[in-house]
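See structure below.
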Amino acid sequence: MLDVTFFTLITGAVGLLISIALAFLIVISKTFFKYGTFRFFNELIVLGLGILGWYYIPKGILQLFFFLILSTLYQLYRIIRDIYSIDTRFRILVLALGKDRFEYAIFSIKRVSKRIIGSFFKYFAILIAAYPISQSLHAEIVGVISLLVGVILVLLKLD
């Protein structure tokens, strides 16, 4: 269990760094980023993918890449959603005061830094909880059910 903890911490931390960099680049860009497709990385879907990932993917590089991509997409969705949930009028006000997009991106990421750390620990807890479930007799059923419930929540926009 200790190796699972370290593995999850490493993939989560590297995924967090990648997602912060990608979020910074998205905020700097002049186009408004549509993040609706990332909604598919809510907690239940990540739990289901975590269970199925621990169950089906053998330990090694493939598992490392799978959980790294899962971490990056989950945390990128959380960061972008938190940044874009800031009032649009506030964003226009900050940019109208003479701040450029680089300064606005740094300010926005600093503003949601507590939520970023919270999403990292939430991801960590979800994958640590997924590991013992993946070792149970009915791991496939629990993984698929959590995926289905997560997709239903996304389709009904209850996330």
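Report whether or not Arg91 is farther than 29 Å from Val4 by Cβ and not β-branched (Val, Ile, Thr).
Numbers: farther than 29 Å from Val4 by Cβ: yes; not β-branched (Val, Ile, Thr): yes.
Answer is yes for this residue.
Provide a single number: the residues in the stretch 101-147 that are over 17 Å from the mean Cα position of the chain (by Cα) and closer than 13 Å to Tyr55 by Cα.
Taking the stretch 101-147 as the starting set, the residues that turn out to be over 17 Å from the mean Cα position of the chain (by Cα) are 101-108, 110-111, 131-145.
If we keep only those that are closer than 13 Å to Tyr55 by Cα too, we end up with 131-144.
So the count comes out to 14.
The residues of the stretch 8-32 that are open to solvent by 60 Å² or more (accessible area, probe 1.4 Å) and either at pLDDT below 75 or aromatic (Phe, Trp, Tyr) (or both), listed by number, are Lys30, Thr31, Phe32.
The values are calculated or read from the model by the stated rules, or taken from the named source; none is laboratory data. The shown structure was predicted, so the numbers you read here are calculated from the model rather than taken from an experiment. Methodologically, a virtual Cβ is constructed for each residue, glycine included, from the backbone with ideal geometry; neighbour enumeration extends over all protein chains shown. Heavy atoms of the whole protein, side chains included, go into the accessibility calculation; ligands, DNA and RNA do not. Shrake-Rupley method; radii C 1.70, N 1.55, O 1.52, S 1.80 Å.
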